[in-house]
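Have a look at the structure below before the remarks.
The values are calculated or read from the model by the stated rules, or taken from the named source; none is laboratory data. All of these numbers come straight from a predicted model, not from anything done at the bench. Reconstructed Cβ throughout: ideal geometry from the backbone, glycine too, with neighbour counts over all protein chains shown. Keep in mind that these areas ignore ligands, DNA and RNA; they rest on the heavy atoms of the full protein, side chains included. Shrake-Rupley method; radii C 1.70, N 1.55, O 1.52, S 1.80 Å.
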Amino acid sequence: MSNKSISKEEKFVNAEPYASGISITEDDSSGFQFSETTHRKLYSRHVQLIAIGGSIGTGLFVTIGTTGLVGGGPLGLLLSYSLWTVIILLLTTAVGEMVSYLPVNSPFLTMAGRVVDPAFEFAFSINFWVMESLYIPFEITAANGMIHFWRDDYSPAITICIQIFIYAVINVFAVRLYGESEFWLSLGKLILCVGLIFFTIITMCGGNPAGDAFGFRNWHVAGGPMATYIATGALGRFQAFLYSLRNSACFTVVGPEYMSMVAGEAINPRKTMPTAFKTVLYRLAIFYIGGSLCVTILIAYNDPTYLKLTALSSNAAASPYVVAMENLGIKVLPHIVNALVLSSVFSAGNSYTYCSSRALYGLARKGFVPKFFMWCNRHGVPIYCVAVSIAFAFLSLLQLGDSASNVLSYMVNLCTGSQLLNYGFMCITYICFHRAVETQGIDRKTFSYRSWFQPYSIYFVTVIMWCVIGILGYEVFMPGRWSVNSFLYSYVMIFVSIAAFTFWKVVKRTKFIKPGDADLVTGLEEIEEHESDYYASIAVESLEEEGIKGKVRSGLSWIL
């Protein structure tokens with residue numbers, strides 16, 4: 001690539017890589033090395049696309065139909081996604097304020113140990129790592145189900161083992177490809193989302209082989225726009241809304257954690273991260289609410305073909321978009337969309353393998369797990385952490401002993417429970433952060449990014465979040481519906497987090513941190529040093545750019 005096509009950020013990094021701390025490397029004859037720090041090499045374009053692509057995945061393309069539309073009906077699905085999108089956007093702004101103020105590695109986890117309690121950080125970190133690890137077998141199971149769209153005359157073990165092998169190879173030998181690959185794959189997800197929205201608009205207005213302008217016909221099928229669940233009447237419709245909320249919306253609508261985790265490796269983070277948080281809010285609102293509306297328009301929640309496909313073990317991961325296209329008599333597009341969704345699912349599983357291994361590596365750095373997990377090979381890959389992540393991937397083989405739909409449902413329940421707890425912990429962390437900022441007299445107006453309506457919005461989100469956590473498995477407490485498996489799948493992570501918190505509290509004798517004693521400054525000096533070096537390099541480059549060519553190159557650098 002010539003200099004004309006390299007951005008200012010890329011020139012800065014290529015000229016003088018900046019580490020987010022002091023880099024210490026130790027080598028031994030075995031080829032292993034231990035690196036003390038990561039490097040800031042993620043450009044603004046990477047952060048922008050990761051912010052979108054990291055929060056769009058299987059849920060929006062696949063399980064939105066099986067657990068959201070079928071369970072709640074079109075109105076129940078739209079209401080649940082609209083409500084949860086608002087909740088997550090308010091939480092994202094709060095987390096964005098913390099991350100933009102102190103953009104270090106694992107910022108919301110680090111801040112939890114500084115403003116709440118180190119034992120709370122330990123429980124928070126364990127839950128986050130388990131969540132990332134459980135997503136790996138879920139994505140593998142979903143991918144296998146989508147392959148069955150073309151053929152089902154093979155054992156699921158074949159595709160599952162092939163996927164696990166590829167994940168292992170990529171995470172051990174091709175880790176350098178992550179930056180660019182995730183950028184382009186995220187861009188592909190973005191294009192797919194936009195394409196499906198336009199497809200919905202065109203077909204509902206009559207742009208389909210049958211010339212049928214069906215509009216909102218699927219909202220008026222027998223039973224009305226709301227499904228019923230357990231009970232009948234108004235209570236049944238409310239329970240259907242709750243079913244769609246906790247089994248689909250809470251699983252699909254995500255955002256703050258994936259965007260925040262790149263803060264420690266972003267260039268000029270106190271400018272890059274606020275920009276990402278500001279722009280992602282509106283995009284995610286369009287994709288989540290718009291995506292849920294599109295699904296309700298394209299396919300009826302009681303469509304017999306879709307219900308039959310999703311009931312079969314070989315088609316548990318059938319995409320409602322693909323089924324809708326086949327119902328409309330479209331021949332080629334279903335194969336293209338299924339392939340694109342499959343690539344998205346495969347990419348997500350690969351990303352979760354990476355995130356899980358790095359989360360475990362972070363636990364080792366903080367002394368939460370044995371130190372040998374910190375050791376890396378000569379390529380800087382935490383090899384033992386990757387091995388543990390691959391071990392989690394083998395949980396997908398549970399599909400061999402049960403139907404894929406049940407396995408997928410179990411994975412969704414476990415992931416949803418961990419994810420909601422993760423958000424509940426984020427709420428507590430921000431409340432303590434906000435109290436510490438006020439107590440220590442830090443002016444929030446000086447922050448590069450401030451969240452909305454604080455502290456009232458975070459109190460509202462906290463109450464809603466913990467209420468949803470409490471009703472995750474409420475059915476098991478109803479007469480005649482007790483199930484040990486359902487109870488554990490809904491609440492096991494709560495017990496794991498309590499046990500982790502209690503264990504660390506007792507062993508390390510940690511104390512709850514008072515607002516006035518919270519550490520809100522460690523790490524700021526290194527970030528300011530990075531910014532100083534970055535802006536100095538930009539100033540030098542600006543002096544070198546003269547004439548029309550230099551101005552044109554500078555103006556177009558954001559797309560080159």
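Values as computed for the structure displayed
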{"item": "Residue in segment 168-186 that is at pLDDT 85 or above, surrounded by 16 or more Cβ atoms within 10 Å (Cβ to Cβ) and not small (G, A, S) present", "result": "no"}
{"item": "Odd one out for E531 among (1) of a type in the set (D, E, K, R); (2) at pLDDT 90 or above; (3) surrounded by 13 or more Cβ atoms within 10 Å (Cβ to Cβ)", "result": "(2)"}
{"item": "Residue among M273, M261 that is in contact with a Gly (Cβ under 8 Å, 6 or more places away or on another chain), crowded, with 23+ Cβ neighbours inside 10 Å and modelled with pLDDT under 85", "result": "M273"}
{"item": "Those residues of segment 128-160 which are more than 24 Å from the chain's Cα centre (by Cα), surrounded by 15 or more Cβ atoms within 10 Å (Cβ to Cβ) and hydrophobic (A, V, I, L, M, F, W, C), in sequence order", "result": "F149"}
{"item": "Total residues in segment 363-387, condition among the β-branched types (V, I, T) and open to solvent by 60 Å² or more (accessible area, probe 1.4 Å)", "result": "0"}
{"item": "Extreme residue, nearest to Y456 (Cα to Cα), among residues of segment 433-446 that are out of contact with any Asp or Glu (no Cβ under 9 Å at 6 or more places or on another chain) and not polar (S, T, N, Q)", "result": "R435"}
{"item": "Test result for S106, buried (at least 18 other Cβ atoms within 10 Å of the Cβ) and on the phi > 0 side of the Ramachandran plot", "result": "yes"}
{"item": "Residue tally, condition within 24 Å of the chain's Cα centre (by Cα) and either in a loop (DSSP other than H, G, I, E, B) or buried (at least 16 other Cβ atoms within 10 Å of the Cβ) (or both), over segment 467-485", "result": "5"}
{"item": "Residue identified as without any contact (Cβ under 8 Å) to a residue 40 or more places away in the chain, basic (K, R) and open to solvent by 30 Å² or more (accessible area, probe 1.4 Å) among R435, R450, R509", "result": "R509"}
{"item": "Per-region count, segment 193-228, residues surrounded by 14 or more Cβ atoms within 10 Å (Cβ to Cβ), of a type in the set (A, V, I, L, M) and either without any contact (Cβ under 8 Å) to a residue 60 or more places away in the chain or over 17 Å from D303 (Cβ atoms) (or both)", "result": "2"}
{"item": "All positions within segment 395-422 that are modelled with pLDDT of 85 or more and in contact with a Cys (Cβ under 9 Å, 6 or more places away or on another chain)", "result": "Q419, L420"}
